[in-house]
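Each reported figure results from applying straightforward, stated rules to the coordinates on display, with no laboratory input. What you see is a predicted model; the values in this text were computed from it and never measured. No Cβ is skipped: glycine too gets one built from the backbone with ideal geometry, and neighbour counts run over all protein chains shown.
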Amino acid sequence: MTALGGHLRRLTDAALAVLVPVAACSMALAFLTTWVRTGEAGSPAHITVTEGRLLLPSAGVPQTAAFFRIDNDGGSADRLLSISSPDAPGGVTLSRHRMTGGSAAYRETIESVAIPEGTALAMSPDGVDLTLSAATVRWRPGDLVPFTLDFRRGGSIEVFAVVVRPGTASFS
């Protein structure tokens, strides 16, 4: 009976010795599969911000809009979280142009905007844009206005927008 008991003990020890690494590998594989499916794997997001334009405010109008082109040629999605400018004392708001049932439109404030991998966001008057107070500033065409765009993965990117007269900038 002792020989049989010793033999069973060795089989149990051997089974446990195999089972522990197999379980650990299975858990690691499950984690990696989830990581890939949620978009966390692959190369990081690579964000570039170009084509900054700020519309010269019309006389008596307290707000204006700014637009940028945001490219993500990386392998992961990113998200624009916030925007600031030292030249916009009233702050900068990320917004989206929306149409009502008729032919009227309105701006909707949004918290953030996704920039999927391999795509570009071209801000425009009929899409996503930046709204900022212009009540106390005196910009002229050609002025450069600094902005900081904060991304979830890409961090902060400092760029300039050139002040242009409405109707002179193309948005594509």
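Quick look at the numbers
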{"quantity": "Environment charge at I110 (Cβ cut-off 13 Å; Lys +1, Arg +1, Asp -1, Glu -1)", "calculated": "+1"}
{"quantity": "Full-stretch length increase - A122, R165 - with 0.36 nm per residue and alpha-carbon distance subtracted", "calculated": "13.6 nm"}
{"quantity": "Within-14-Å neighbourhood charge of F160 [Cβ basis; K, R +1; D, E -1]", "calculated": "-2"}
{"quantity": "Loop-located trypsin sites (Lys or Arg not before Pro) in the stretch 102-158, at most 13 other Cβ atoms within 10 Å (DSSP)", "calculated": "R138"}
